[in-house]
1. Using only the Cα atoms of segment 1-72, build the gyration tensor, take square roots of its eigenvalues as a ≥ b ≥ c, and label the shape rounded, prolate or oblate: rounded if a/c is under 1.5, else prolate if a/b is larger than b/c, else oblate.
2. What are the ³J(HN,Hα) values, in whole Hz, obtained from phi via the Karplus relation 6.51 cos²θ - 1.76 cosθ + 1.60 with θ = phi - 60°, for each residue of segment 19-33 in sequence order, with x given for Gly and Pro?
3. Can you order the peptides 319-326, 149-156 by their average number of other Cβ atoms within 10 Å per residue, highest first?
4. Along the principal axes of its C-alpha atoms, what lengths does segment 3-219 span, in descending order and rounded to whole Å?
5. Largest first, how would W271, W92, W28 line up by accessible area (1.4 Å probe)?
6. What is the sum of charges around T249, taking Lys and Arg as +1, Asp and Glu as -1, for the other residues whose C-beta is under 12 Å from the C-beta of T249?
7. Which FRET efficiency, nearest 0.05, do R360 and R16 yield, Cβ-Cβ r, R0 25 Å?
8. Relative to the present Cα-Cα distance, how much length would full extension add between A230 and S90 at 0.36 nm per residue of separation?
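The values are calculated or read from the model by the stated rules, or taken from the named source; none is laboratory data. Since we're looking at a predicted model, the values are computed, not measured. Methodologically, a virtual Cβ is constructed for each residue, glycine included, from the backbone with ideal geometry; neighbour enumeration extends over all protein chains shown. SASA here: full protein model, heavy atoms, side chains in, ligands and nucleic acids out. Shrake-Rupley method; radii C 1.70, N 1.55, O 1.52, S 1.80 Å.
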Amino acid sequence: MSSYVVSREDLAHNYRILKEKAGTTPIWAVVKADGYGLGVKAYAKELYALGLRHFCVTEPREAEALRACGFSDISVLMLRQLSDPAEIRSMWKSDVILTVGSLEAAARINAAVDGPVSVHLKIDTGMGRYGFLPEQLSEMIAVYRGGKHIQVKGVFTHFSCGFCDDALTKKQYEQFRKTVSALEQAGCETGIVHCCNSAAFLKFPEMHLGAVRLGSALLGRMSFPTDLKALGTVETTIEELHFLPKGYTTGYGAIWRAKRDTTLAIIPIGWSNGFQVSCKEDRSRAVDCIRGGLRELRNLLKRPVTYVNINGAACPVVGSIGSLHCAVDVTELKGKCRVGDMVRLSINPMHQKGMEVVFR
Ligand SMILES: *Cc1c(COP(=O)(O)O)cnc(C)c1O
């Protein structure tokens, strides 16, 4: 059976590094997407044990899972607006901080609850979903002034290009700061002001402000080099040693042909488990289409090799990765591996599927 192993030591290592960089700024752990694929409950328990007390989610069921952990001293922020009155009410009852990004959202909350409710205002500085535009200052002020049950406890934004465009991120940051100042000048208490996701946090210490919202950095899965440890190792076993004479092929499409007599280790992990699956790239801009196209062309010519670890040796995956299986060339191991031996490989937690998640 294959397991998906998350090293507690590596998670602690990442947290230590992030905490050092954050200094006195509180870290809000983002556990959306079912805890980035690790299971909200299991993952949150690990984070809690490390000392994290602030969590962010995007789904009511994730907030409920956090509450079901029984922690009495955590705060939970819902990062998006909710439209369903029943969901709003149930989140309010669970003492979840809600997000308000429009007057309509504020009205829905005021209508759904019958007591004080904490919210953070969301400002749209370029992500273009959920949030007041910076020029909608009077609407934001109206949330404060007209707000029956609503109590604003924070103001935040979410950068669209923290990982890829520093100049634009700085511009969005400036716009965010200006909006926050305008609110303050209008006599509105802004509470906790926050804007950083992992990429912005690591790149721009001056943007940390009142809190930082970290997801991928805790998992050490950034798109640029860092001193964090990438979490998430699959442990599986060699299910078959398969001999292929020179000239024979393996895998769908028969794209790989043995250039010599070859021994393959067949492992029961494929793309449906998330192996070699990558985040969908944003190809909406012409420049990204060209960049992506060039990269694919380069990859096609170079055929970058994916390695797995067998008995301490890096062994190349050959042929196309199937939905549930792939083949590894173990010819170089010269018989020093057997059916049942352990194979280790890396998969992003967000993509892993169909395996038991184990923290240890
Ligand atoms: C996902 C998300 C984050 C965390 O993003 P990472 O890049 O994984 O750190 C922070 N804020 C909001 C609003 C998000 O949706």
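1. Details: a/c = 1.90, a/b = 1.14, b/c = 1.67.
In terms of gyration-tensor shape, oblate.
2. 5, 4, 5, 6, x, 8, 6, x, 9, 9, 7, 8, 10, 5, 6
3. Working: 319-326: 18.4, 149-156: 20.6.
The peptides rank, most packed first, as 149-156, 319-326.
4. 50, 41, 27
5. Numbers: W271 140, W92 50, W28 10 Å².
The ordering from most to least exposed comes out as W271, W92, W28.
6. On the way: positive: K246, R257, K259; negative: none.
Overall, the nearby charge balance is +3.
7. 0.85
8. Details: separation 140, 0.36 × 140 = 50.40 nm, distance 3.56 nm.
Going from the current span to full extension adds 46.8 nm.
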